[in-house]
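The values are calculated or read from the model by the stated rules, or taken from the named source; none is laboratory data. Bear in mind the structure is a predicted one, so any value in this text is a computation, not a measurement. Cβ atoms come from the backbone with ideal geometry, glycine included; neighbour counts cover every protein chain shown. The accessibility values were calculated without ligands, DNA or RNA, using every heavy atom of the protein model including side chains. Shrake-Rupley method; radii C 1.70, N 1.55, O 1.52, S 1.80 Å.
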Amino acid sequence: MATETTQTVTDAPSVTHLSPSPLLTDLNRDGYVIIPNALSPEQLTSLREAAGHITDLARKGQWPYIRTLPKQFPPWSSDPSNGIWGVQHLMHPDMPGQPLFAASYFTDAVVRPVMDLIGCTDDSELIMELYNLLVRPDSDFELRWHRDDIAATATAEEELARLNKPAWHAQWNLALYDDASLIVVPGSHARARTDAERAADPFEKNMPGQKIVQMKAGDVVFYNNNILHRGAYSASVERATLHGSIGHVKGNKERARNVLQHGVGAWVDKVDFSALPEELRGRAENMRRRLKQMGDVSGDVGFAHDD
Ligand SMILES: O=C(O)CCC(=O)C(=O)O
């Protein structure tokens, strides 16, 4: 049960004191796991400020990489006139505040749980992937129930074939404000959809067993991106949630598609990590190099969803 998951992790004194197995056990059982208080109050303040600034730029059309309303999946246009629900590419070389965002991506508070969840003991096989910001939409907006990398048209056999493969990545949401936008069906990452889930309205508000992921500012949730999930966003509730993923070198072409469909390949070799704290710089350079290598061998990867 998800409530037990939250309880287990809440009892832990900090991320760094968690032993690997409880985190992975919870993720494997529920498809998601919340770690409270991943950020210090100072980090929260500076990240909120930086996130607010780039969100303002994006709403004014001064940052071209955005998630536009009412489109759920990439590719998105760079025209914010219908409103936005996300700001893309926090580590892009031209992104204001890039070093701060990069530090929040490569920090131990994120990378250590990632290593637990992927099952490695150091960062030498990790790959830099996506880092975006999910923001309050300009008008109320909802995502359809989906799995990130399995089309809604997949048969049960196709779903199971994909779900039974190792994920080789970890994905997280790190909330800068309290956030209750992500809705999941716990356990659905480990099975095909039920008949009721298949027949449900794509925007079904009461999916059997659904759970709203309640996060306090500074909490991070790691989740299997193929858990059945959706987002429901209110234009009147502030949202700034860092949305990232880190991969493992054993990920395959399907993973490359999930990452590179967002256009990261166009700028990744231009990122300057020299402003990062010394202890994070080597990790960042190495993880970026592995992403570049993945792009070089994967070629044209296409898009995971049609819309
Ligand atoms: O807003 C969220 O937290 C979920 C976003 C999501 O489901 C997606 O980007 O596929």
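With the simple model of a label 7 Å out from the Cα in the direction of the Cβ, N82 to N28 spans 4.3 nm.
Sorting 28-38, 150-160, 196-206 by their mean Cβ neighbour count within 10 Å, with the most densely packed peptide first, gives 28-38, 150-160, 196-206. With a ≥ b ≥ c taken as the square roots of the eigenvalues of the C-alpha gyration tensor of the chain, please select rounded if a/c is under 1.5 and otherwise prolate if a/b is larger than b/c or oblate if it is not? Rounded, since a/c falls under 1.5. Residues in the chain average 43 Å² of solvent-accessible surface per residue, probe 1.4 Å, ligands and nucleic acids excluded.
Mind ordering 245-251, 74-80 by average Cβ neighbours within 10 Å, highest first? Each step should come with its number before you reach the end.
Details: 245-251: 20.1, 74-80: 14.3.
Result, highest mean Cβ count within 10 Å first: 245-251, 74-80.
Quantify, in whole percent, the carbon and sulfur part of the accessible surface of segment 2-298 (1.4 Å probe; protein heavy atoms only). Carbon with sulfur: 51 percent of the solvent-accessible area. Which log10 I(q)/I(0) values, to two decimals, does segment 75-162 give at q = 0.19, 0.22, 0.24 Å⁻¹ under the Debye formula with one point per Cα? Here log10 of I(q) over I(0) equals -1.11, -1.13, -1.15. Only DSSP H runs of four or more residues enter the estimate; each adds -39500 (n - 2.57), and after division by the residues of the chain the mean residue ellipticity at 222 nm equals -10000 deg cm²/dmol. Could you name the aspartates and glutamates whose alpha carbon sits less than 18 Å from that of K205, not counting residues in the same chain fewer than 8 places away? Result set, ordered by chain and number: D140, E142, D179, D195, E197.
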